[in-house]
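First comes the structure, then the notes that go with it.
The values are calculated or read from the model by the stated rules, or taken from the named source; none is laboratory data. On a predicted model such as this, the values are computed, not experimentally measured, just so you know. A quick note on method: Cβ atoms are made from the backbone with ideal geometry, for glycine too, and the neighbour counts reach across all protein chains shown. Heads up: the accessible areas ignore ligands, DNA and RNA and are worked out on the full protein's heavy atoms, side chains in. Shrake-Rupley method; radii C 1.70, N 1.55, O 1.52, S 1.80 Å.
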Amino acid sequence: ADDIVCTSDGGFAFVGNDGDRTSYIVKTDFNGARVWQFRIDEYLTSLQQAADESIIVCGMNGNGYLMKIGHVPCVEITKPAKALYLFDHKILNFFTTIVLGKITVEVNASDTKHDIERVEFAVDGILTSTDFISPYTWKWTTFSFFSHTLIVTAYNSVGNSSQAQIRVFKIF
């Protein structure tokens, strides 16, 4: 992490970079569990929490960069989890996620201040589906082999978003 702060709720917020221009701002609860994550294609180096509990981040991008992140939704992929799945049925818990056949991806998305507008599902960075109604689901039926990154992004009614992702080994 390039910078970390303790937040007013006892959690933490930190910013880190992937070595290029992509930065991740992560908010955790007091136990260290991720509450939300925000990704931006800018090089950010520091952050602070404002009086309204938003997060202010800044960095260098030519002339500099300053951004305020308001309240963002919480998002969690509940299925698939770290387990072995056979045609949409969990067979056993496992150290990684392996899916044989089609799978229904299930997501919990919530926001304590705003409504959830939509949840987007992407595989390896390619948008595959959007769901506007809870419970948020997508049926992954495409023929796939090997390792993929499943990314879900939840957007609230004021345009703020957060992401969750999981590595999935999918066969068929």
For segment 5-52 the number of residues that are open to solvent by less than 40 Å² (accessible area, probe 1.4 Å) and assigned to a loop (DSSP other than H, G, I, E, B) is 6
Picking from Phe132, Phe169, the residue that is open to solvent by 90 Å² or more (accessible area, probe 1.4 Å) and of a type in the set (Phe, Trp, Tyr) would be Phe132
The residue that is farthest from the chain's Cα centre (by Cα), considering only those in segment 119-135 that are closer than 14 Å to Ile166 by Cβ and in a strand (DSSP E or B), is Val123
Within segment 53-63, the count of residues that are touching a residue at least 12 places away in the same chain (Cβ under 8 Å) and either touching a Ser or Thr at 6+ places or on another chain (Cβ under 6 Å) or open to solvent by 40 Å² or more (accessible area, probe 1.4 Å) (or both) comes to 6
Flagged pairs (Cβ under 9 angstrom, 6 or more apart or on separate chains; first in segment 9-22, modelled with pLDDT under 90; second among the aromatic types (Phe, Trp, Tyr)) are Asp9/Phe30; Asn17/Tyr24; Asn17/Tyr43; Asp18/Tyr24; Asp20/Tyr43; Arg21/Tyr43; Thr22/Tyr43
Listed by first then second residue, the pairs whose first member lies in segment 141-153 and is farther than 9 Å from Gln165 by Cβ and part of a strand (DSSP E or B), whose partner is open to solvent by 50 Å² or more (accessible area, probe 1.4 Å) and at pLDDT 95 or above, with beta carbons under 8 Å and at least 6 positions apart or on separate chains, are Ser147/Arg167; Ser147/Phe169; His148/Asp124; His148/Arg167; His148/Phe169
Here the residues within segment 88-123 that are of a type in the set (S, T, N, Q), closer than 13 Å to Ala154 by Cβ and in contact with an Asp or Glu (Cβ under 8 Å, 6 or more places away or on another chain) are Asn108
query = Quick check, is Ile91 of a type in the set (A, V, I, L, M, F, W, C) and touching a residue at least 12 places away in the same chain (Cβ under 8 Å)?
reply = no
Counting only residues in segment 64-107 that are among the aliphatic types (A, V, I, L, M), part of a strand (DSSP E or B) and at pLDDT below 95, the one most open to solvent (accessible area, probe 1.4 Å) is identified as Leu66
